[in-house]
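One structure is given below, encoded as structure tokens.
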Amino acid sequence: MFEGRPDREAEIVFVGRSNVGKSTLMREFTGHTFTTGKKPGVTRSPNHYDWASADFTFTDLPGFGFMEGVDEGTREGIKTDVVRYIEENSEKILVGVLVVDGKAVIDIIDRHTERGEIPHDVEMFGFLQEIGISTVVAVNKMDKVDDRDERLDELCERLGLTPPHQQWRDTIAPISAKRGQITPLREALETHLRAQNRDALLQFIVE
Ligand SMILES: Nc1nc2c(ncn2[C@@H]2O[C@H](COP(=O)(O)OP(=O)(O)O)[C@@H](O)[C@H]2O)c(=O)[nH]1
Ligand SMILES: [Mg+2]
């Protein structure tokens, strides 16, 4: 199980498959550079980023799903740890940000579904909702996507949200973390924090 969680009473977590851009996104929000890069699975334990002056932390959880050079057992173990971390801290997690690769997510979901498996992203989305954590899907790498609206509508369908995606702005946030284009995510987070009377934390979300 993961250790070393800072003693903070409020938290926003980034969760998702390896290489989708979680660490890049953390950098956008915190200004701090975390290990990012080509080699998926570099993050095996959570990266927390917190402030001495605030009772709040961002957490970048380890990636799950396929990782080159990582055996199946290890991958399953990471996923189990991620789920357990979220369960154990569910009271403190104000928003769960499920990060997906906008270019690849539909194909990956469909491939798993065709094999009779529950796709990791669909499973994680359902899990967050089930345990009552406000969830935002950060659809990253939109700079690589041409048929934007079509792709986002397809993603809604796969997640059980009725298209069009424009009616899910609090849940579906198309972004490009690498380009610093994350306004839809900032706005969705703002909505959720306000709804939970956490306006004092907006300073960490709004640019
Ligand atoms: N094209 C594109 N690449 C991105 C974007 N965000 C992150 N990346 C790249 O995707 C790779 C994985 O990013 P990383 O943050 O390490 O993903 P993590 O494994 O989820 O933490 C890196 O090469 C990033 O530069 C994006 O918005 N667009
Ligand atoms: Mg990472």
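The values are calculated or read from the model by the stated rules, or taken from the named source; none is laboratory data. It should be emphasised that the depicted structure is a prediction, and the values quoted were computed from it without experimental measurement. Cβ: placed from backbone, ideal geometry, glycine included. Neighbour counts: every protein chain shown.
Count of the range 113-147 residues, restricted to those that are among the polar types (S, T, N, Q), touching a Leu at 6+ places or on another chain (Cβ under 9 Å) and either more than 24 Å from residue 178 (Cα to Cα) or modelled with pLDDT under 95 (or both), is 1.
Looking only at residues of the range 1-40 that are within 10 Å of ligand 2 (Cβ to nearest atom) and aliphatic (A, V, I, L, M), we find that the one that is modelled with the lowest pLDDT is 26. Touching a Phe, Trp or Tyr at 6+ places or on another chain (Cβ under 9 Å) and either modelled with pLDDT of 90 or more or within 11 Å of ligand 2 (Cβ to nearest atom) (or both), is that true of residue 43? When the stated conditions are applied, residue 43 passes them. Got at least one residue in the range 193-207 being buried (at least 18 other Cβ atoms within 10 Å of the Cβ) and either free of Cβ contacts under 8 Å to residues at least 40 places away in the same chain or of a type in the set (Phe, Trp, Tyr) (or both)? Yes.
Listed by first and then second residue, the pairs linking a residue in the range 17-30 that is of a type in the set (Val, Ile, Thr) to a residue that is at pLDDT below 90 and within 9 Å of ligand 2 (Cβ to nearest atom), with Cβ atoms under 7 Å apart and 6 or more places separating them unless they lie on different chains, are 24/36.
May I ask you to verify whether residue 100 is touching a Gly at 6+ places or on another chain (Cβ under 8 Å), touching a residue at least 40 places away in the same chain (Cβ under 8 Å) and within 16 Å of ligand 1 (Cβ to nearest atom)?
Details: touching a Gly at 6+ places or on another chain (Cβ under 8 Å): yes; touching a residue at least 40 places away in the same chain (Cβ under 8 Å): yes; within 16 Å of ligand 1 (Cβ to nearest atom): yes.
Taking the combined requirement at face value, the residue satisfies it.
Do you know which of the residues in the range 67-85 that are more than 15 Å from residue 3 (Cβ to Cβ) and of a type in the set (Val, Ile, Thr) is modelled with the lowest pLDDT? Only one residue tops the list, namely 70.
Among the listed residues 94, 128, 155, 98, identify the single one that is closer than 25 Å to residue 29 by Cβ and touching a Phe, Trp or Tyr at 6+ places or on another chain (Cβ under 7 Å). Please lay out each step first, then the result.
Details: 94 fails: touching a Phe, Trp or Tyr at 6+ places or on another chain (Cβ under 7 Å); 128 fails: touching a Phe, Trp or Tyr at 6+ places or on another chain (Cβ under 7 Å); 155 fails: touching a Phe, Trp or Tyr at 6+ places or on another chain (Cβ under 7 Å).
Of the residues listed, the single one that is closer than 25 Å to residue 29 by Cβ and touching a Phe, Trp or Tyr at 6+ places or on another chain (Cβ under 7 Å) is 98.
Listed by first and then second residue, the pairs with beta-carbon distance under 7 Å, at least 6 apart or on different chains, first residue in the range 133-160 and over 25 Å from residue 93 (Cβ atoms), second of a type in the set (D, E, K, R) and outside any helix (DSSP H, G or I), are 144/103; 145/103. Would you mind stating whether residue 88 is surrounded by 18 or more Cβ atoms within 10 Å (Cβ to Cβ), modelled with pLDDT of 85 or more and more than 16 Å from ligand 2 (Cβ to nearest atom)? The answer is no for residue 88. Is there a residue being without any contact (Cβ under 8 Å) to a residue 12 or more places away in the chain, under 21 Å from residue 166 (Cβ atoms) and either crowded, with 17+ Cβ neighbours inside 10 Å or touching a strand residue (DSSP E or B) at 6+ places or on another chain (Cβ under 8 Å) (or both) anywhere in the range 111-128? So far as the range 111-128 goes, no, none of its residues is without any contact (Cβ under 8 Å) to a residue 12 or more places away in the chain, under 21 Å from residue 166 (Cβ atoms) and either crowded, with 17+ Cβ neighbours inside 10 Å or touching a strand residue (DSSP E or B) at 6+ places or on another chain (Cβ under 8 Å) (or both).
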